[in-house]
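One structure is given below, encoded as structure tokens.
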Amino acid sequence: MTESTSLNNIQTWMQNALIDPYAVKETDVDARMKASSRLSATERLAIYQRSYITRLCHCLAEQFPASRHALGSELFDNFARVYLAEKPSNSYTLYELGRRFPSFLEATRPDKEHPPEYQESWVNFMIDLATYERALFALFDAPGHEGKPWPTPDCPDENLILQPCFHLGRYRFPVANYYHSVTDQSEPELPPCSESYVAIIRYNYLTSSFPITQSHYEFLKSLQSTNNIAESLDYVAGKLELSSENVRSSWQENIRNQWVANHFFIERAE
């Protein structure tokens, strides 16, 4: 068996032919595949190429249902096909298929050379929505805390740290509301620009999104770095020019037990 006809070489060629159909030469197809009584080798290969791309487009639609709703099925599929051609699957699992989709939308936006104030609002919305959807999807299979004990309200602050399956998002639009309206089978309109902050957690293999304020976002973002509640409370008070006493009072009276009950935290290991 020659190198050109080895199993590994044929498999690699077939993979490339499926990923990038336009780069395949007809002479190469004829050398590796047989024609049937009704179809040429190129026509036979085309069946697999169309099926492969259609399957990947379907997977992307499942990972970005709200983006598909916002764009419409035809336009979304067009975006998906361009994305798959420029960013072909490079993982053994289709779980990673949409990982680069938000950055692809950012990199290929038609107004990317314009100053931010002159960029299209709907493009910003689509990028933020895809970013939120990717974060939500990624948490489905991320390492979590399932099967282990969760802290109770009497756990001291110094023992509380954010749970591993936790994500913070800051967006230019209320994308979480839009996403959940779509998944609830309603027909939301594209929302106006309005900054939003979201915390996403997974508990018992179910993800939940929590709308939070800017001060909550700053606190949780700091906590991701420090793993120290007292230090992060002081940081927020200084950053937002708030009374440290008022920040600590709000934390103890209004926020702490609610977030513990909603499984934002786990107990620090000994």
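The values are calculated or read from the model by the stated rules, or taken from the named source; none is laboratory data. Treat the numbers as computed from the prediction; the structure is a model and nothing was measured. For neighbour counting, all protein chains shown are included, and Cβ atoms are generated from backbone atoms with ideal geometry for every residue, glycine included. The area values use the complete protein model at the heavy-atom level, side chains included, leaving out ligands, DNA and RNA. Shrake-Rupley method; radii C 1.70, N 1.55, O 1.52, S 1.80 Å.
Quick notes
- Helices (runs of 4 or more DSSP H) within segment 225-270 that include 1 or more residues in contact (Cβ under 8 Å) with a residue 40 or more places away in the chain and open to solvent by less than 50 Å² (accessible area, probe 1.4 Å): 229-239, 256-261
- Any chance G72 is at positive phi and either at pLDDT 90 or above or under 15 Å from the mean Cα position of the chain (by Cα) (or both): yes
- Among the criteria (1) open to solvent by 50 Å² or more (accessible area, probe 1.4 Å); (2) touching a Phe, Trp or Tyr at 6+ places or on another chain (Cβ under 9 Å), the one A23 does not fulfil is (2).
- Selected residue (criterion: nearest to N90 (Cα to Cα)) from residues of segment 8-49 that are among the small types (G, A, S) and not in a loop (DSSP other than H, G, I, E, B): A17
- Test: residue in segment 54-69 that is among the basic types (K, R), assigned to a helix (DSSP H, G or I) and under 19 Å from E106 (Cα atoms): yes
- Considering residues of segment 1-17 that are in contact with a helix residue (DSSP H, G or I) (Cβ under 9 Å, 6 or more places away or on another chain) and either open to solvent by less than 60 Å² (accessible area, probe 1.4 Å) or not β-branched (V, I, T) (or both) only, the residue modelled with the lowest pLDDT: M1
- Remark: L39 falls outside the filter, which requires a residue to be closer than 29 Å to S186 by Cα, open to solvent by less than 80 Å² (accessible area, probe 1.4 Å) and at pLDDT below 90.
- Enumeration of residues in segment 70-88 that are open to solvent by 50 Å² or more (accessible area, probe 1.4 Å), in a helix (DSSP H, G or I) and free of Cβ contacts under 8 Å to residues at least 24 places away in the same chain: S73, E74, L75, N78, E86
- Test: residue in segment 164-180 that is modelled with pLDDT of 95 or more, under 15 Å from the mean Cα position of the chain (by Cα), in a loop (DSSP other than H, G, I, E, B) and not β-branched (V, I, T): yes
- Hey, T152 closer than 24 Å to V260 by Cβ, in contact (Cβ under 8 Å) with a residue 60 or more places away in the chain and hydroxyl-bearing (S, T, Y) or not: yes
- Of all residue pairs spaced 6 or more apart or on separate chains, those with beta-carbon atoms under 6 Å, a first member in segment 42-53 that is farther than 13 Å from N16 by Cα and of a type in the set (V, I, T) and a second member that is open to solvent by 70 Å² or more (accessible area, probe 1.4 Å) and assigned to a helix (DSSP H, G or I) are T42/E26.
- All positions within segment 101-113 that are within 18 Å of G169 (Cβ to Cβ) and open to solvent by 40 Å² or more (accessible area, probe 1.4 Å): S103, E106
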